[in-house]
């Protein structure tokens, strides 16, 4: 795309996606003419203890469904199976649900396919869909998760009589270096747009910015990947420019391109 016609020409966009995946998003923005500013606000690490996950892996055949709510849930769980010297074949014998297309794409990277993906990427929609499709009472479901994952899906399934095993397979840790980079860029007036890709990224940013959060972010346009992230932003009195309709990275890029292109008259 010629730079002079790029919809995000010269726009300085803070990319807060987790370390290890931030560059992918930055590259997409750069192709649209933007000048990405890398400020990863979270990083992911293995759990302190694999005991619960290993026990679930050992009794995989007991589960009728395996439910994945994040890319990292897929990656860490599948890699743990392989690290244990086991094959992923047993997962093929289970029905698998993924919260969204990006999670399903990560599953395909391991040679597995999802049996169900909700139209809207959210735990609420996934819960509603499973409730419609499956008589949950008595069903054994496996829900590999992050350490600070919302309990909404797990608790909703259990209320309907499902037996849910939800081992922690990764930890969500604040990225102090990225937080400092965001703070410095905002104070220098070097950012036009801030993109938040998760509730924890938003929370970490607000904590790092402290009392200056509203003032500093108020000088930019703030975009959110989805409802829970938007809630974390709005709860602190920060004005939200727009929320992605499709709640994944590409959906967030799309809403930024559309809104900023419209703003620039492109």
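Nothing in this text is a laboratory measurement; each read-out follows from the coordinates by a stated rule. The model shown is predicted, which means the values in this text are computed figures rather than measured ones. Here Cβ is always computed from backbone atoms with ideal geometry, including for glycine, and neighbour counts include all displayed protein chains.
The table that follows gives values for the structure above.
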{"item": "Those residues of the stretch 9-31 which are more than 25 Å from residue 70 (Cα to Cα) and surrounded by fewer than 19 Cβ atoms within 10 Å (Cβ to Cβ), in sequence order", "result": "9, 10, 12, 30, 31"}
{"item": "Unique residue being out of contact with any helix residue (DSSP H, G or I) (no Cβ under 8 Å at 6 or more places or on another chain), touching a residue at least 12 places away in the same chain (Cβ under 8 Å) and within 16 Å of residue 17 (Cα to Cα) when the list is 218, 251, 261", "result": "251"}
{"item": "Criterion (surrounded by fewer than 22 Cβ atoms within 10 Å (Cβ to Cβ), within 23 Å of residue 190 (Cβ to Cβ) and touching a strand residue (DSSP E or B) at 6+ places or on another chain (Cβ under 8 Å)) met by exactly one of 252, 240", "result": "240"}
{"item": "Among the residues listed as 202, 162, the single one being in contact (Cβ under 8 Å) with a residue 12 or more places away in the chain and farther than 30 Å from residue 56 by Cα", "result": "202"}
{"item": "Subset of the stretch 35-68 (residues that are in contact with a strand residue (DSSP E or B) (Cβ under 6 Å, 6 or more places away or on another chain) and free of Cβ contacts under 8 Å to residues at least 60 places away in the same chain)", "result": "35, 36"}
{"item": "Any hit, the stretch 134-149, residues being assigned to a helix (DSSP H, G or I) and crowded, with 16+ Cβ neighbours inside 10 Å", "result": "no"}
{"item": "Residue within the stretch 178-199 that is out of contact with any strand residue (DSSP E or B) (no Cβ under 9 Å at 6 or more places or on another chain), crowded, with 19+ Cβ neighbours inside 10 Å and in a loop (DSSP other than H, G, I, E, B) present", "result": "no"}
{"item": "Qualifying residue in the stretch 69-76 (condition: over 24 Å from residue 225 (Cβ atoms) and touching a strand residue (DSSP E or B) at 6+ places or on another chain (Cβ under 8 Å))", "result": "no"}
